[in-house]
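The values are calculated or read from the model by the stated rules, or taken from the named source; none is laboratory data. No experiment lies behind these values; they were computed from the predicted model shown. A quick note on method: Cβ atoms are made from the backbone with ideal geometry, for glycine too, and the neighbour counts reach across all protein chains shown. Only protein heavy atoms, including side chains, enter the accessible area calculation; ligands, DNA and RNA are left aside. Shrake-Rupley method; radii C 1.70, N 1.55, O 1.52, S 1.80 Å.
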Amino acid sequence: MKVPLCKLDEIPETGTKKIDFLGREALVFKVDGEPKAILNICMHLGGPMKLENCTLVCEWHGAEFDCWDGKRLKGPARRDSQLITLPTQVEDGTLKYVFGD
Ligand code: FES
């Protein structure tokens, strides 16, 4: 299954872009030029995230997560928590969510 998320050229070079992912809000952004997608849900109490350099920071209570793999760095979210990252691939200039083959 593949779900188009957005055109590659719509992803900003810095910061994030909000998109709809099957009725939930997700963020797309670039890390060292590589497109990434996460659900915009903090693993503490569900707050929205913003990107600061290579750290995703929760706007509610400041939990921090690594922008590469979504793993918690510090803050009130559980130590073993991780943001929900979406597996993606680029096809025909579009970033797509990919599930299965
Ligand atoms: S909801 Fe994100 S740190 Fe509390």
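Do we have ARG78 as out of contact with any helix residue (DSSP H, G or I) (no Cβ under 7 Å at 6 or more places or on another chain), among the charged types (D, E, K, R) and part of a loop (DSSP other than H, G, I, E, B) here?
yes
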Report summary line: The lone condition ARG72 fails out of (1) over 22 Å from VAL3 (Cα atoms); (2) open to solvent by less than 40 Å² (accessible area, probe 1.4 Å); (3) in contact (Cβ under 8 Å) with a residue 24 or more places away in the chain is (2)
Report task. For region 84-94, state whether one or more residues are within 14 Å of the ligand (Cβ to nearest atom) and among the aliphatic types (A, V, I, L, M). Result -> yes
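Looking at region 26-42, which of the residues that are free of Cβ contacts under 8 Å to residues at least 24 places away in the same chain and buried (at least 18 other Cβ atoms within 10 Å of the Cβ) is nearest to GLU59 (Cα to Cα)? Talk me through it step by step, then tell me what you get.
From region 26-42, those free of Cβ contacts under 8 Å to residues at least 24 places away in the same chain are 30, 32-34, 40; that's our starting set.
From what's left, buried (at least 18 other Cβ atoms within 10 Å of the Cβ): 30, 40.
Details: LYS30: 19, ASN40: 11 Å.
Restricting to residues being free of Cβ contacts under 8 Å to residues at least 24 places away in the same chain and buried (at least 18 other Cβ atoms within 10 Å of the Cβ), the top hit is ASN40.
Looking only at residues in region 43-69 that are among the aliphatic types (A, V, I, L, M) and either near the ligand (Cβ under 6 Å from one of its atoms) or farther than 17 Å from THR16 by Cα (or both), which one is surrounded by the fewest Cβ atoms within 10 Å (Cβ to Cβ)?
First, pick out the residues of region 43-69 that are among the aliphatic types (A, V, I, L, M): 43, 45, 49, 51, 56-57, 63.
Still in the list and also either near the ligand (Cβ under 6 Å from one of its atoms) or farther than 17 Å from THR16 by Cα (or both): 43, 45, 63.
On the way: MET43: 22, LEU45: 12, ALA63: 24.
So, considering only residues that are among the aliphatic types (A, V, I, L, M) and either near the ligand (Cβ under 6 Å from one of its atoms) or farther than 17 Å from THR16 by Cα (or both), the one surrounded by the fewest Cβ atoms within 10 Å (Cβ to Cβ) is LEU45.
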Requested in this report: Could you please find all residues in region 79-101 being over 21 Å from VAL3 (Cα atoms) and touching a strand residue (DSSP E or B) at 6+ places or on another chain (Cβ under 7 Å)?
Outcome: ARG79, SER81, GLN82
